[in-house]
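*Asks:* Questions regarding the structure given below will be posed in turn.
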Amino acid sequence: MYTILKIYFLYEWGVFMATASTALTRNEGSGGEIDFPQSLVSFIDEWKVKPGSLIMILHKTQETFGFIPQVAAEKLAVMTGIPLARIYGVITFYHFFKTTKPGKHKISICLGTACYLKGGGDLIEEARSLLSLAEEGVTEDGLFSIDPVRCVGCCGLAPVMTIGNETYGKLTKARLPEIFAKYREQG
Ligand code: FES
């Protein structure tokens, strides 16, 4: 029994470390210094002594930089005393946290139930194809990135896409090229 438990533990640990190292490999912003604004430093100082603070600190870090660069994760480990592997364990567990810089225009396509039933899945495929984007990443010009999201709170307009603060409801695949062109013109 002990041997089985030991093998299971080693397997789980191996999966965890593989996930964390993948995140580290594909991460941006490694190998340098990063300045944290005073607002972030104060937030970390306030929260690091509280139990369960890591998620709050990661949220604030992503809010500050738009994603969580590797150097920021490393600095958080030093500032909080939380091991880097644990920080990456949390970052990779929650899809909300991003380790790559998003596009200037962040596209979110809703895959909540109402939107999915009205073609949200087709929309996301078409958008990725039009922008030549894989599941993750940013267009070569840095303008666009696409994230699937779960219900943005206007199901009556399904299927829904948001770009920045703009919401596009009852969206069809046919409208996507014209919408993307508008943002491309803005640069
Ligand atoms: S399911 Fe898409 S807005 Fe609610």
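*Asks:* For the stretch 43-64, state whether one or more residues are under 22 Å from Gly137 (Cα atoms), part of a helix (DSSP H, G or I), in contact (Cβ under 8 Å) with a residue 40 or more places away in the chain and of a type in the set (S, T, N, Q).
*Replies:* no
*Asks:* Go through (1) modelled with pLDDT of 95 or more; (2) under 24 Å from Gly66 (Cβ atoms); (3) near the ligand (Cβ under 10 Å from one of its atoms); (4) not aliphatic (A, V, I, L, M) and name the single condition Arg150 misses.
*Replies:* So Arg150 meets the others, but not (1).
*Asks:* Give me the pairs, please: first residue somewhere in the stretch 159-187 and more than 16 Å from Glu126 (Cα to Cα), second residue anywhere and aromatic (Phe, Trp, Tyr), beta-carbon distance under 9 Å, and either six or more positions apart or on two chains.
*Replies:* Gly164/Tyr183; Tyr183/Phe144; Arg184/Phe144
Matching residues to (1) modelled with pLDDT of 95 or more; (2) under 22 Å from the mean Cα position of the chain (by Cα); (3) within 16 Å of the ligand (Cβ to nearest atom); (4) of a type in the set (Ser, Thr, Tyr):
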residue: Leu76; (1), (2), (3), (4): yes, yes, no, no
residue: Leu84; (1), (2), (3), (4): yes, yes, no, no
residue: Asp122; (1), (2), (3), (4): yes, yes, yes, no
residue: Glu125; (1), (2), (3), (4): yes, yes, no, no
residue: Leu133; (1), (2), (3), (4): no, yes, no, no
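*Asks:* Hey, does the stretch 75-86 have a residue that's surrounded by 19 or more Cβ atoms within 10 Å (Cβ to Cβ), in the same structural domain as Leu40 (by TED's automatic domain parsing) and among the small types (Gly, Ala, Ser)?
*Replies:* So far as the stretch 75-86 goes, no, none of its residues is surrounded by 19 or more Cβ atoms within 10 Å (Cβ to Cβ), in the same structural domain as Leu40 (by TED's automatic domain parsing) and among the small types (Gly, Ala, Ser).
*Asks:* Let me ask something else. Working carefully through the options Gly52, Gly112, Gly89, Gly66, find the one that is in the same structural domain as Asp147 (by TED's automatic domain parsing) and among the small types (Gly, Ala, Ser).
*Replies:* Gly112
*Asks:* Any idea which residue in the stretch 96-113 is nearest to the ligand (Cβ to nearest atom), counting only those that are charged (D, E, K, R) and within 15 Å of Glu166 (Cα to Cα)?
*Replies:* Here the answer is Lys106.
*Asks:* Please go through the stretch 110-127 and give me each residue that is farther than 16 Å from Ala174 by Cβ and either surrounded by fewer than 17 Cβ atoms within 10 Å (Cβ to Cβ) or in contact with a helix residue (DSSP H, G or I) (Cβ under 9 Å, 6 or more places away or on another chain) (or both), ordered by number.
*Replies:* Correct list: Cys110, Leu111, Gly112, Thr113, Ala114, Cys115, Leu117, Gly121.
*Asks:* Sticking with this one: Select the helices (runs of 4 or more DSSP H) contained entirely in the stretch 71-187, then report the ones holding at least 3 residues which are small (Gly, Ala, Ser).
*Replies:* Here the list reads 120-130.
The values are calculated or read from the model by the stated rules, or taken from the named source; none is laboratory data. This is a predicted model, so every value here is computed, not measured. Cβ coordinates were reconstructed from backbone atoms using ideal geometry, including for glycine residues, and neighbour counts include every protein chain displayed.
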